[in-house]
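This report concerns only the one structure given below.
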Amino acid sequence: MSTIKRFEDLECWQQAREFVKYIYGLTKKDGFQKDQRLVNQVRGSAVSSMANISEGFHRNSNREFMKFLDYSRSSIAETISHCYVAMDQGYILEAEMKNVNDQANILWKKVNNLISYLNNFPNGTKKVTENNARSRTNKTN
């Protein structure tokens, strides 16, 4: 059992990266492109969901890491909200909105499971190991 030494090895960060790729793809659609302010907001919140995981990973304690994971969850919710605006404006289809929700739900669960794991070690140094992080982030409940 090895300790995770890079944020890139966290499954929640990998899932956030996929989420960002999908959001960028949606915002490149012709109609969406015309609403540059919304494009910037939805991209920014999606990127923030990913960036907060990496920033938190490099903090000194699990408590700080969990704070940034919570910021990541907030950014996921913000991204979903922006996408509802995009759907209401006709920029994305209902099926695309469902895919946003599905991907966000997977990401949300992975972040939540990592928070639950880290709660076992709130004051100590990070105890994220490859096996524990993978088993926790693979749960779907």
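The values are calculated or read from the model by the stated rules, or taken from the named source; none is laboratory data. Predicted model only: the values in this text are computed from it and were never measured. Here Cβ is always computed from backbone atoms with ideal geometry, including for glycine, and neighbour counts include all displayed protein chains.
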Among (1) under 12 Å from PHE32 (Cβ atoms); (2) surrounded by 14 or more Cβ atoms within 10 Å (Cβ to Cβ), which single condition is LEU114 missing? (1)
Return the residues of the stretch 117-141 that are surrounded by 13 or more Cβ atoms within 10 Å (Cβ to Cβ) and at pLDDT 60 or above; say none if nothing qualifies. TYR117, LEU118, PHE121, VAL128
Taking the residues in the stretch 45-63 that are surrounded by 15 or more Cβ atoms within 10 Å (Cβ to Cβ) and either within 9 Å of the chain's Cα centre (by Cα) or without any contact (Cβ under 8 Å) to a residue 12 or more places away in the chain (or both) as candidates, determine which candidate is nearest to ASN99 (Cα to Cα). ALA46
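Find the helices (runs of 4 or more DSSP H) located wholly in the stretch 20-116 whose residues include 2 or more that are under 25 Å from LEU10 (Cα atoms), and list them.
36-57, 62-88
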Can you tell me which residue in the stretch 78-109 is farthest from the chain's Cα centre (by Cα), limited to those that are within 23 Å of LYS34 (Cα to Cα) and among the small types (Gly, Ala, Ser)? GLY90
Name the single residue that is farthest from GLN103 (Cα to Cα) among those in the stretch 4-19 being in contact with a Leu (Cβ under 7 Å, 6 or more places away or on another chain) and part of a helix (DSSP H, G or I). CYS12
